[in-house]
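The values are calculated or read from the model by the stated rules, or taken from the named source; none is laboratory data. Predicted, not measured: the structure shown is a model, and the values here were computed from it. All Cβ positions, even for glycine, are placed from backbone atoms using ideal geometry, and neighbour counts span all protein chains on display.
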Amino acid sequence: MRYEIGPGEVHCWTFRPAEFAVNELAVVLSMDERKRANRFVFDRDRNEFVVCRGILRHLLALYAGMAPSDLQFEYSARGKPALAPNSDARIQFNVAHSRGAGVIGVTCAAPVGVDIERMDGFARVSALVPTCFAPEEQAEFASLPQRAQPRAFYAGWTRKEAFIKATGEGLSRPLHSFAVTIAPDACPRLLRCNSDPASAAAWTMADLGDHGFAAAVAVPAPASIRARNLYPQFLGLKQA
């Protein structure tokens, strides 16, 4: 079976790792991935890594028309993974997971970035607003009713993370050097990008999260975002 993706489409798959069987997914991991998994101290973190990596392999295998264990990855200088040339190199993807939920973005249109965060602990992380949000983002955040600020923080944070993951720069890019819309009910949009001000309008962003999680996708091109929940049965796997 091969799952097709059209030009200009971005497929976003959200999933709950607890629904997947760890042992069934562990068998498709490479030796390097197993070594990475063994570095985790806690079983919970190790299992979530194994599940998310196994899901990624099974899903990308559908797009590439390959066996999950045959996929090979290569990494940029800042650690962003990509399919190696022996796979279907036109497919670009990104993956994120956060304490019980994950998201994978797949496209052949342009580089893609995704992020997901559990929306809790706002009192602890709200102190990051002055250092992580650009001046116009801080102003928008401050203008919101207090009851809306927790959702706004996570909406803004995941949109910004998705952007820097799509560029491949990660946190090496200063977070004040670009700005996104912050209000959770506002259309997700890149407002400013210092390195190329004219490019901001070309970006497509969308929110993906629900049920206690915020999530976002970003791609530097006009794109059609298709969001779906991913279940074990779709990948031919057993329910945990």
Q) Could you say whether any residue in the range 152-172 is surrounded by fewer than 23 Cβ atoms within 10 Å (Cβ to Cβ) and either assigned by TED's automatic domain parsing to the domain that holds residue 81 or on the phi > 0 side of the Ramachandran plot (or both)? A) yes
Q. Of the conditions (1) of a type outside the set (Phe, Trp, Tyr); (2) at pLDDT 95 or above; (3) closer than 25 Å to residue 17 by Cα, residue 179 fails just one. Which one is it?
A. (3)
Q) Mind checking whether some residue in the range 93-107 is farther than 30 Å from residue 46 by Cα and in contact with a strand residue (DSSP E or B) (Cβ under 9 Å, 6 or more places away or on another chain)? A) no
Q: Among the candidates 51, 27, 103, 41, single out the residue that is surrounded by fewer than 20 Cβ atoms within 10 Å (Cβ to Cβ), under 23 Å from residue 239 (Cβ atoms) and β-branched (Val, Ile, Thr).
A: 27
Q.
Which residue is farthest from residue 60 (Cα to Cα), if the candidates are limited to the range 1-22 and must be charged (D, E, K, R) and not in a loop (DSSP other than H, G, I, E, B)?
A. 19
Q. When both residues are 6+ apart or on different chains and their Cβ atoms are under 6 Å apart, which pairs have a first residue that lies in the range 47-74 and is part of a strand (DSSP E or B), and a second that is aliphatic (A, V, I, L, M)?
A. 74/82; 74/84
Q) Tally time: how many residues in the range 192-240 are of a type outside the set (Lys, Arg) and assigned to a loop (DSSP other than H, G, I, E, B)? A) 18
